[in-house]
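In what follows, a structure is listed as structure tokens, so that the remarks can point back to it.
The values are calculated or read from the model by the stated rules, or taken from the named source; none is laboratory data. This structure is a prediction, so every number in the text was calculated from the model and none was measured. All Cβ positions, glycine included, derive from the backbone under ideal geometry; neighbour counts span all protein chains shown.
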Amino acid sequence: MAAATIRILIAESDENLRRALAVFFSVQEGFEVVGEVANSAEVRLLCQQLQPDVLFLDLELQPSDFVSFIGSLFQEYPTIRIVALEPKREDNVRQQDVLQAGASKYLTRGNFASDIAAAVRQLDHHKG
């Protein structure tokens, strides 16, 4: 029996990285990119419309209050697994805050490329 396709929404401010993520997932078996956004206002709308399994969320989309933003997304869409993308170097305090707010994973842009598909597959993305 084939595994279910993991539906992904990419919310990334950097257009080159957003496109690269979309291309990467489009050639990986078991993934479908259902949408791409470049700002936080569109994130909520597309989460509601598309109901992705996984949201890749650039923390720079809502830099002033990323913890509240993630917390509210988690409250509104508890079945969507949030992968927070840290644009800077790893920050243990930010990582802890992001995970406590409801993100399932915290990845830095500098170290996620080799493990990104495995990280998403490890998420409990099944709705139930």
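Each row is one residue, and each column tells you yes or no for (1) part of a helix (DSSP H, G or I); (2) at pLDDT below 90.
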site	(1), (2)
MET1	no, yes
ALA4	no, yes
LEU17	yes, yes
GLN28	no, yes
ARG44	yes, no
PHE56	no, no
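Where the second residue is modelled with pLDDT of 90 or more and aromatic (Phe, Trp, Tyr) and the first is closer than 18 Å to SER72 by Cβ and in a loop (DSSP other than H, G, I, E, B) and lies in the range 96-109, which pairs have Cβ atoms under 6 Å and are six or more apart or on separate chains?
Hits for this filter: GLY102/PHE74.
Restricting attention to the range 23-44, which residues are of a type outside the set (Ser, Thr, Tyr) and farther than 19 Å from LEU59 by Cβ?
VAL23, PHE24, PHE25, VAL27, GLN28, GLU29, GLY30, PHE31, GLU32, VAL33, VAL34
Can you go through SER40, SER68, SER26, SER13 and tell me which one is surrounded by fewer than 20 Cβ atoms within 10 Å (Cβ to Cβ), among the hydroxyl-bearing types (Ser, Thr, Tyr), over 15 Å from LYS105 (Cβ atoms) and free of Cβ contacts under 8 Å to residues at least 24 places away in the same chain?
Among SER40, SER68, SER26, SER13, only SER26 is surrounded by fewer than 20 Cβ atoms within 10 Å (Cβ to Cβ), among the hydroxyl-bearing types (Ser, Thr, Tyr), over 15 Å from LYS105 (Cβ atoms) and free of Cβ contacts under 8 Å to residues at least 24 places away in the same chain.
Which pairs have Cβ atoms under 6 Å, sit 6 or more apart or on different chains, and link a residue in the range 72-94 that is of a type in the set (Asp, Glu) to one that is assigned to a strand (DSSP E or B) and modelled with pLDDT of 80 or more?
Within 6 Å, the pairs are GLU86/THR108; GLU90/THR108.
Could you tell me which numbered condition ILE10 fails, if it satisfies all but one of (1) modelled with pLDDT under 95; (2) closer than 20 Å to GLU86 by Cα?
Of everything listed in (1) modelled with pLDDT under 95; (2) closer than 20 Å to GLU86 by Cα, ILE10 misses just condition (1).
Suppose we keep only residues that are modelled with pLDDT under 90 and under 22 Å from ALA22 (Cα atoms) within the range 85-104. Which one would you say is surrounded by the fewest Cβ atoms within 10 Å (Cβ to Cβ)?
Among residues in the range 85-104 that are modelled with pLDDT under 90 and under 22 Å from ALA22 (Cα atoms), the one surrounded by the fewest Cβ atoms within 10 Å (Cβ to Cβ) is LYS88.
For the range 14-32, indicate whether the set of residues that are under 27 Å from SER72 (Cβ atoms) and among the polar types (S, T, N, Q) is non-empty.
No, there is no match, as no residue in the range 14-32 is under 27 Å from SER72 (Cβ atoms) and among the polar types (S, T, N, Q).
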